[in-house]
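Working notes for the structure below.
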C-alpha cells in the first residue's frame with residue numbers, strides 16, 4: 001500500500017519551467033539596462049562632456065581678510081530733538097517741512113499769542129509809568145535837598161526857627177524814601193516785562209542747534225501741550241537731527257564684545273549704497289548690557305562726512321584688526337582658490353563659455369580668505385570650481401546643479 005502511494009508522487013515541471021522563464025526575463029532586462037548605461041556613458045565620454053561645479057568671478061574688499069567681527073545695526077544721529085512748546089496753545093504758523101534745513105535759534109513754528117502780546121504791552125506801559133514816577137520823585141528829592149541846605153544855613157545864622165528846619169529835614173527824608181520806592185517799582189516793572197516777554201517767547205518754537213527736519217508731527221490748528229496729555233493734543237511740532245553727528249549703533253553679543261575696543265577701526269556698509277564702504281571708528285562701548293538680548297551697545301562714528309546718509313538706514317559694520325593700508329579701500333577681482341590650476345606654465349582658470357571650458361591664464365595676487373586676487377578676469381564671469389584632472393581647453397562641460 002505504501003509502495004503504491006510513493007509511486008503516485010510526481011514533480012510538476014510546468015511550474016519549474018515558468019519560474020525559469022521568468023528569471024531569465026528579468027536577467028535579460030537587467031543586462032539590457034546595464035548595457036544602456038554603459039553605452040550612454042561611452043557616448044558622453046566620446047562626446048567629451050565633463051560634469052563640473054561652477055562659480056563666478058567677484059569683487060572682494062581687502063578688508064574682508066582683516067575683519068574680526070561683522071554685526072548689523074542702524075544709522076542714528078547723536079544730536080536729535082523733538083521741538084515742543086513750554087506752554088499750551090494752538091499752532092498758528094509752521095515754517096518748515098520734512099527735509100528743511102534749520103539754523104540754531106531759527107523760529108520754526110508759532111502758537112497763538114495775542115493775549116500774551118497784550119499782557120506784554122500792558123507791563124511795558126506800567127514800566128514806563130513807573131520810570132516817569134521815578135523821574136518825578138528824583139526831582140522832588142533834588143528840591144528837598146536844596147531846601148534842606150538853605151534851611152540849615154538860615155538856622156545856623158538864626159534867621160529861622162528850629163521847627164522850620166525840622167520840616168525841611170522831614171521833607172528830604174520823605175523824598176529819599178519816595179525815590180527808593182519808585183526805583184523798586186521800576187525794577188518790579190522790568191521783571192514783569194521780562195516775564196511777559198518770556199511767556200510770549202515760549203509761543204515761538206526755535207531750533208536749539210543747526211539741523212535737518214526729519215518728521216513733522218503737528219499741523220496748523222492743532223493744540224500743543226508740553227505733556228501731550230490733553231485730548232487731541234500734540235507734544236512735539238517737528239523732530240530734527242544734526243546730520244553732522246551721524247553714527248551707527250550696533251548690538252554686539254556678550255560673547256564677542258571682547259573682540260571690540262574703543263578706537264578700533266571699522267568699515268561701514270549701508271544697504272542704500274551696496275557698492276560703497278565707509279571708514280569708521282569705534283566711538284563708544286556703552287558700559288551696560290542688555291539682559292534681554294545678551295548684547296552690548298557699540299557706537300561707531302563715520303570718519304568721513306558723506307551726503308545721502310540718513311538716520312535709521314540699515315547698516316553693517318565690520319570691525320577690523322588694523323587700519324586699512326593705501327589701496328585697500330578699493331575692491332579687487334577675486335576667484336575661489338579652488339578654481340585656480342597652477343602648473344609649469346603659470347596659473348590659469350577655466351571660464352565657462354557656451355557650454356565649454358575655456359582655459360584662461362591669470363596672474364594671482366594675495367589671498368583674501370578663501371579667495372585669491374587675480375588679474376585678467378571680469379566681475380561676474382562664470383568659472384569652473386575644482387577643475388577635474390585632465391580637463392582640456394574647449395572641452396564640453398555640464399554644470400552640476402547644487
Test: residue in the stretch 292-302 that is under 16 Å from residue 67 (Cα atoms) and touching a strand residue (DSSP E or B) at 6+ places or on another chain (Cβ under 8 Å): yes
Single residue of the stretch 70-118 satisfying the filter (within 30 Å of residue 372 (Cα to Cα) and buried (at least 20 other Cβ atoms within 10 Å of the Cβ)) that is nearest to the chain's Cα centre (by Cα): 73
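Quick check, is residue 123 in contact with a helix residue (DSSP H, G or I) (Cβ under 6 Å, 6 or more places away or on another chain), outside the structural domain of residue 234 (by TED's automatic domain parsing) and within 30 Å of residue 235 (Cα to Cα)?
yes
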Residue in the stretch 306-325 that is touching a helix residue (DSSP H, G or I) at 6+ places or on another chain (Cβ under 7 Å), surrounded by 15 or more Cβ atoms within 10 Å (Cβ to Cβ) and not in a strand (DSSP E or B) present: yes
Subset of the stretch 202-230 [at pLDDT 90 or above, surrounded by fewer than 14 Cβ atoms within 10 Å (Cβ to Cβ) and more than 30 Å from residue 301 (Cα to Cα)]: 219, 220, 221
Residue count, the stretch 267-278 (criterion: assigned to a strand (DSSP E or B) and surrounded by fewer than 17 Cβ atoms within 10 Å (Cβ to Cβ)): 4
Yes/no for residue 146 being assigned to a helix (DSSP H, G or I), exposed (fewer than 13 other Cβ atoms within 10 Å of the Cβ) and not assigned by TED's automatic domain parsing to the domain that holds residue 236: yes
Residue within the stretch 241-256 that is surrounded by 13 or more Cβ atoms within 10 Å (Cβ to Cβ) and within 30 Å of residue 113 (Cα to Cα) present: yes
Residue among 233, 184 that is over 30 Å from residue 313 (Cβ atoms) and at pLDDT 95 or above: 184
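The values are calculated or read from the model by the stated rules, or taken from the named source; none is laboratory data. None of the values given here were measured: they were computed from a predicted structure. Cβ sites come from the backbone with ideal geometry, for glycine too, and all protein chains shown count toward neighbours.
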